[in-house]
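Just below is one structure, and these are the notes that go with it.
The values are calculated or read from the model by the stated rules, or taken from the named source; none is laboratory data. Because the structure is a prediction, the values reported are computed rather than measured. Positions of Cβ are backbone-derived with ideal geometry, glycine not excepted, and every protein chain shown enters the neighbour counts. Areas reflect the complete protein model, heavy atoms only, side chains present, ligands, DNA and RNA absent. Shrake-Rupley method; radii C 1.70, N 1.55, O 1.52, S 1.80 Å.
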Amino acid sequence: MASCSACLTRLSAQGRPSARSGRHAGSRSRAGGWALLTALLSAMLIGLSATAAQISLRIEREREREQQLLMIGREFVAALRSYRDAVGVTQPELPRQLSDLVEDRRAIGVLRHLRRIPPDPFTGKEDWGLVRQGDRIIGVYSLATRAPLKRRGFPTDLADFDKAARLSDWRFVLLPAAPTPPKEPRS
């Protein structure tokens, strides 16, 4: 039985000390309070960690999509150059629509400068903004209006991209072909 006088004075009807009797009763509730507080703090820390990880993953996905956009934009420029310089075509010209890069019928047979029109990594659609010179396409750009994460460190052919406020300002344009210098007669 209990040995302290406070516990003996609070006996239950059956002659045993009640669960809440005595000076030790408060220590149990305080211990339960600390356990609850510890559990709440742990849950809060886990939640904050999960949120930070989610933000980090989102930023990493954005960076990956920007890299994809840079790669696809350069592929478009290469396809425009290939279309312009295609062998067997009587006069160099640029396409009127993007589908001409997939199926070029200007020469005998079909030339494919792109296997397919790639989707924009940010919109997920095959819709691209077109940079035109007259009725001809000289470049493309994303229709995404968000600000880019990448602000510097672009290759020299994309040096103007560091001034872009939006992804749609990243214009992938085929530069005019450099004129070929005349050959000098051999002596």
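Per-structure values
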quantity	calculated
Residue that is nearest to residue 96 (Cα to Cα), among those in segment 144-158 that are small (Gly, Ala, Ser) and open to solvent by 50 Å² or more (accessible area, probe 1.4 Å)	147
Filtered residues of segment 36-65 (kept if more than 30 Å from residue 167 (Cβ to Cβ) and of a type in the set (Gly, Ala, Ser))	39, 42, 43, 47, 49
Considering residues of segment 159-180 that are of a type in the set (A, V, I, L, M, F, W, C), surrounded by fewer than 16 Cβ atoms within 10 Å (Cβ to Cβ) and more than 15 Å from residue 74 (Cα to Cα) only, the residue nearest to the chain's Cα centre (by Cα)	165
Condition met for residue 155 (at pLDDT below 95 and within 20 Å of residue 92 (Cβ to Cβ))	no
Within segment 125-143, considering residues that are modelled with pLDDT of 95 or more and among the small types (Gly, Ala, Ser), the one surrounded by the fewest Cβ atoms within 10 Å (Cβ to Cβ)	129
Residues satisfying the stated conditions in segment 94-112, i.e. without any contact (Cβ under 8 Å) to a residue 40 or more places away in the chain and open to solvent by 30 Å² or more (accessible area, probe 1.4 Å)	99, 100, 103, 105, 106, 108, 109, 110, 111, 112
Residue selected from segment 138-163 under the condition among the aliphatic types (A, V, I, L, M) and either in a loop (DSSP other than H, G, I, E, B) or in contact with an Asp or Glu (Cβ under 8 Å, 6 or more places away or on another chain) (or both), by the criterion farthest from residue 66 (Cα to Cα)	143
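Yes/no per residue for (1) modelled with pLDDT under 90; (2) closer than 27 Å to residue 150 by Cβ; (3) in contact with an Asp or Glu (Cβ under 7 Å, 6 or more places away or on another chain):
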| site | (1), (2), (3) |
| --- | --- |
| 27 | yes, no, no |
| 30 | yes, no, no |
| 35 | yes, no, no |
| 38 | yes, no, no |
| 44 | no, no, no |
| 50 | yes, yes, no |
| 54 | yes, yes, no |
| 60 | no, yes, no |
| 67 | no, yes, no |
